[in-house]
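Structure first, then comments.
The numbers here are math on the coordinates, done by the rules we state, and not lab data. The structure displayed is predicted, hence computed values, not measured ones. Note that each Cβ is placed from the backbone with ideal geometry, even for glycine, and that neighbours are counted across all protein chains shown.
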Amino acid sequence: MAKLTLNDLDLKNKTVLLRADFNVPQDADLNITDDTRIRGTLPTLKYILDNGAKKLVIISHLGRPDGKAVAKYSLKPVGERLGKLLGEKVLFFNECIGEDIKKSIENSSERVVLLENLRFHAEEEANDAGFAKQLASLGDLFVNDAFGTAHRAHASTEGITHFLKSAAGFLLEKEIKYLGAAVEDPEKPFIVILGGSKVSDKIKVINNLLPKCDAIIIGGGMAYTFLKAQGKEIGNSKLEKDRLDLAKSILENARKLGKEILLPIDNVAVKEIKEDAKVEIVGENIPDGLIAVDIGPETVKLFTAKLKSAKTIVWNGPVGIFEMPAFSNGTRSIAEFIAGLKCVSIIGGGDTAAAIAKFKLEDKMTHISTGGGASLEFLEGKILPGVAALSEK
Ligand code: ADP
Ligand code: MG
C-alpha cells in the first residue's frame, strides 16, 4: 500500500487526531450492547499513546442525527466504556469544534479526549471545507481508523486530509491489505461466494470480480433470479423480474470468459417463511407455492467440493435465511468448511459477518471486514475517498 500508515509517523509530542468508528449499537437506555468496534480500535489507540504522542483526540459519528444535536446519539457513553477498556480516563467534550475546545484540550491533564458526535453538524456529511479545517486545527497529525465510513467523502474522512498529514490506523490498514490483495492480486484459485437477498445489490461486485476470479458460487435469495434465467422453476422464491435479462447476460459473460458460475442444485423450501415452518428438500426446480430459504445438502457438497482447492475466498452474502435456525444449515456448513481450509478467507458484508459471529468462527477466518457498505464498494472496484485521500508514503 502506497499510503502512509501509523508506523510511518513520528508521534513524539504530537497531538494526534484520530477518526474512529464508534458507531456502536445501544439499547433503549443507551447501554452499549456490543463494544466490538471500540475494542477493535484499541491497538491503534495504544500504539499512539505508547509512542510518545502528547494528546490523542478522537472523533467519530454515532447513528444518524442528521446535522442536529440529538441526545440519544451522544458519544458520552462511548467515552465511559473506552476509559474502562483503555484503563485511563477519557475526557469527553460535548462539542467537536471551536476555540474553547482547542484551549481545553491543551490545558487538560488527560491524554485521551473524545469529542461529541461529528454528525451533530450538517457540515460533516456535506464535507464542508471550513468545518474540516476547524477539526484539523485540533491536531498535528491525522489518523483514520474508520473503515466503515471510508466510502464516504465527509469532512472527517476526506476534507480533513487537505489540512493535515494523514495516515491509516491499524484497522484501516488491515482492511486495505486484505481486501486490496483479494481484488488486485489474489492467490489462485480465487473463488467468490455471493449470497444475500438481492442480485441488484451485488451486480457491480460480480462485474468487477468475474474477470479476476476462477469461479463464482451463488446462493441465497439472489440465486433464484439466476435459476429462473436458466429456465428453471423457482416456485415463490425470491425473484427480481427486472434483473432477469441481467442475470442472463452475466451467465453468458461468464461462459465467454470461461468462468464457472455455480448455482444451487437442491434447496430447503417452505410454504411460508416462519421459524417453525415445515421444511422440504427440493431439487433445482422448486414446485409452485414453495419458497427456497436455504441451499440443500447436495448443494453444500457441490459448493464445498469447489471451495476445497481455493487459495483465496471472498464471501459476501449468506446462502440462506440464516437468522432462522431452521434455515441456517447451508450458511453454517459453508462457514465451517471454510474455517477448516488453509487459504485466505475474507468475509465482507454486515450480515455475513453476523453469521460468522453467530457460528463462533470469527477466529478461523483470515479477515472479517468491519465495513458493510465500504467493503462492498471495495469489492466493486471503487476507490474509497477516505482511503484515496490519505497521504502517500
Ligand atoms: P451482507 O450484509 O452480508 O452483504 P445481504 O445484506 O446482501 O448480506 O443479505 C443478507 C440477507 O439475505 C439476510 O438477511 C438473509 O436472510 C437474506 N437471504 C439469504 N438467503 C435468502 C433467501 N433464500 N431468500 C430470501 N432472503 C435470503
Ligand atoms: Mg446486509
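The figures follow:
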{"item": "Cβ-derived FRET efficiency at R0 35 Å, D100 paired with D10, nearest 0.05", "result": "0.75"}
{"item": "Ascending count of other beta-carbon atoms within 10 Å, so fewest first, for H151, H162, H367, H61", "result": "H162, H367, H151, H61"}
{"item": "Dimensions in Å of the stretch 186-379 - Rg and Dmax from alpha carbons", "result": "15.3, 43"}
{"item": "Neighbour-count order for F93, F22, fewest beta carbons within 10 angstrom listed first", "result": "F93, F22"}
{"item": "The stretch 18-55 residues near the modelled D128 label - backbone nitrogen below 14 Å, point 7 Å along Cα→Cβ", "result": "none"}
{"item": "Square roots of 5 times each gyration tensor eigenvalue, C-alpha, the chain, largest first, Å", "result": "43, 22, 18"}
{"item": "Nearby aspartates and glutamates by direct alpha-carbon distance to K204 (threshold 14 angstrom, same-chain neighbours under 8 apart not counted)", "result": "E377, E380"}
{"item": "Proximal charge balance of G348 [Cβ under 11 Å; K/R count +1, D/E count -1]", "result": "-3"}
{"item": "Chain lengthening between A339 and K301 when straightened (0.36 nm per residue, less Cα-Cα)", "result": "12.1 nm"}
{"item": "Per-residue Cβ neighbour rank within 10 angstrom, fewest leading, R81, R64", "result": "R64, R81"}
{"item": "FRET E, pair H162, S249, Förster distance 45 Å, beta-carbon r, rounded to 0.05", "result": "0.60"}
{"item": "Nitroxide proxy distance, nm - points 7 Å out along Cα→Cβ at Q230 and E110", "result": "5.8 nm"}
{"item": "Projected-area average for the stretch 6-172 over all orientations - Cα convex hull basis, square nanometres", "result": "8.5 nm²"}
